[in-house]
Amino acid sequence: PKIRLTNTDDVIIWRTEDAPFQGLGRPGSVLDVLLHHGFQMQHYCGGQLSCATCHIVVHSGSEHASAISEHEQDWLDLMDEAQPTSRLACQCVFE
């Protein structure tokens, strides 16, 4: 999988079988991948799906992302800045 960060134009490529990296969030989550590759991202709950500080917006490729759980959707529903393609980086896994 590949992630392109729109705020920096950096591209991260990794092998799914190498996950988990740091064990934050779901194995192979965007949060885990970003932190492993040296990018900083807020994650007050440590990737335990008990906050929404790792909010991201998926601009393309959402068809390759894991399904949104009801619990993740509940957190997104509480956010004013959530968009239709919003996800929590600790839960979003690209295959």
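Descriptive notes on the structure:
- Only residues that are in contact with a Leu (Cβ under 9 Å, 6 or more places away or on another chain) and either among the charged types (D, E, K, R) or in a loop (DSSP other than H, G, I, E, B) (or both) were counted across the range 84-95, and they come to 5.
- Among the residues making up the range 22-44, those that are over 22 Å from Ile68 (Cβ atoms) and out of contact with any strand residue (DSSP E or B) (no Cβ under 6 Å at 6 or more places or on another chain) are Gln22, His36, Gly38, Phe39, Gln40.
- Looking only at the range 78-95, and only at residues there that are small (Gly, Ala, Ser) and under 16 Å from Thr6 (Cβ atoms), the one that is surrounded by the most Cβ atoms within 10 Å (Cβ to Cβ): Ala89
- Considering (1) at pLDDT 95 or above; (2) closer than 18 Å to Leu5 by Cβ, the lone condition that Phe39 does not fulfil carries the number (1).
The values are calculated or read from the model by the stated rules, or taken from the named source; none is laboratory data. Predicted model, so just to flag it, every value in this text is computed and none were measured. Cβ sites come from the backbone with ideal geometry, for glycine too, and all protein chains shown count toward neighbours.
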